[in-house]
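Encoded as structure tokens, the structure appears first; notes follow it.
The values are calculated or read from the model by the stated rules, or taken from the named source; none is laboratory data. What you see is a predicted model, and the numbers here were worked out from it, not measured in a lab. We place every Cβ from the backbone using ideal geometry, glycine too, and count neighbours over all the protein chains shown. These area figures cover heavy atoms from the full protein model, side chains too; ligands, DNA and RNA do not enter into them. Shrake-Rupley method; radii C 1.70, N 1.55, O 1.52, S 1.80 Å.
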Amino acid sequence: MRIRATVAAVSGALALSALAVPASQAADGGVDKTTAAERFGVSRSAMSTAAAAEELPVVSKVTINGAKGVVVGTTAAKKFTVSLTASHSAGIQDAYIDLWHGKDLDHVDGYLPPNEAAASCTAVNATTSNCKLTITAIPGSDLYMNALAGTWHVTAGVLANDEAGSVYWNDFYSTHRVQRLSKLTVNAAPEPVKKGKTITVTGKLTRANWETRKYAGYTSQPVKLQFRKKDSNTYTTVKTIKTNNKGDLKTTVKATVDGFFRWSFAGTSTTPAVNAAGDFVDVK
């Protein structure tokens with residue numbers, strides 16, 4: 001697994017307890033998550049002084065990938081934007097966001113740090129700034145096992161522009177989903193077909209396997225068969241069936257009118273929703 005050299009931070013109400021964790025401590029899986037002192041270049045004593053002063057930066061909003069899940073396939077790296085809005089009476093100097101996976105900070109098995117050494121912060125006014133960073137997730141490297149798919153923790157850190165070097169940091173600011181890309185196919189046959197005859201609709205639901213770097217069938221998942229009349233823009237659910245042990249789908253329906261058939265998967269915590277492209281059937 002590739003471990004990128006990077007930095008993290010500590011903070012607010014968690015500042016002093018977080019400082020007790022050595023920066024070099026390796027978590028399960030060999031993933032290191034470093035400290036705020038390394039990220040912002042602020043000493044322990046300075047952070048303790050700032051915390052005692054009772055004015056720490058305030059984070060009002062954190063947005064990951066436009067509030068959409070981070071969906072990663074088998075080969076292509078996924079680069080996405082993360083941002084936060086923060087304020088302090090002295091203004092904002094820097095910010096930090098990462099995503100990490102694990103039951104706690106002593107058992108981090110997945111880590112997605114920012115690409116930049118410093119955030120790009122734009123002042124809204126004298127006290128508030130919007131700060132942006134980017135993160136890149138690489139399948140087979142950062143995402144080296146399928147068990148990493150699902151809910152990740154979001155870390156938010158901010159360095160104020162005051163002499164004390166006031167720092168806010170929260171390793172559990174929020175959560176966000178990192179998911180395995182899904183694909184869904186459909187085929188309705190025969191085409192054309194006489195009215196009243198049987199149409200067989202098949203398909204396959206697959207998702208990215210980060211360990212093999214290939215797509216594999218997603219088994220035992222409920223998938224809706226939907227139909228849209230030729231002159232309509234709306235799909236209606238006909239029935240719901242489950243994928244077999246290879247991710248395959250197969251069912252039959254009666255031909256009534258011209259239209260499009262598709263499969264629709266609602267998604268899970270580890271795998272995003274996906275719709276197959278509609279397959280047109282000409283009914284004679």
Problem - Enumeration of residues in segment 175-188 that are open to solvent by 40 Å² or more (accessible area, probe 1.4 Å) and in a strand (DSSP E or B) - result: 175, 177, 183, 185, 187
Handout entry: Listing of strands (runs of 3 or more DSSP E) fully contained in segment 56-149 that carry 2 or more residues being more than 17 Å from the chain's Cα centre (by Cα) and polar (S, T, N, Q)
Key = 78-87, 120-123, 128-137
Handout entry: Hits in segment 250-268 (condition: open to solvent by 50 Å² or more (accessible area, probe 1.4 Å), under 23 Å from residue 216 (Cα atoms) and part of a loop (DSSP other than H, G, I, E, B))
Key = 266
Handout entry: Criterion violated by residue 52 - all others in (1) open to solvent by 40 Å² or more (accessible area, probe 1.4 Å); (2) modelled with pLDDT under 80; (3) in contact with a strand residue (DSSP E or B) (Cβ under 7 Å, 6 or more places away or on another chain) satisfied
Key = (3)
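Say we look at segment 189-208 and pick out the residues that are under 22 Å from residue 279 (Cβ atoms) and within 27 Å of the chain's Cα centre (by Cα); which of these is most open to solvent (accessible area, probe 1.4 Å)? Don't jump to the end; show me each part of the working.
Within segment 189-208, the first condition is being under 22 Å from residue 279 (Cβ atoms), and the residues that meet it are 189-207.
From the residues that got through so far, the ones that are within 27 Å of the chain's Cα centre (by Cα) too are 203-207.
Values: 203: 13, 204: 68, 205: 0, 206: 20, 207: 38 Å².
Restricting to residues being under 22 Å from residue 279 (Cβ atoms) and within 27 Å of the chain's Cα centre (by Cα), the top hit is 204.
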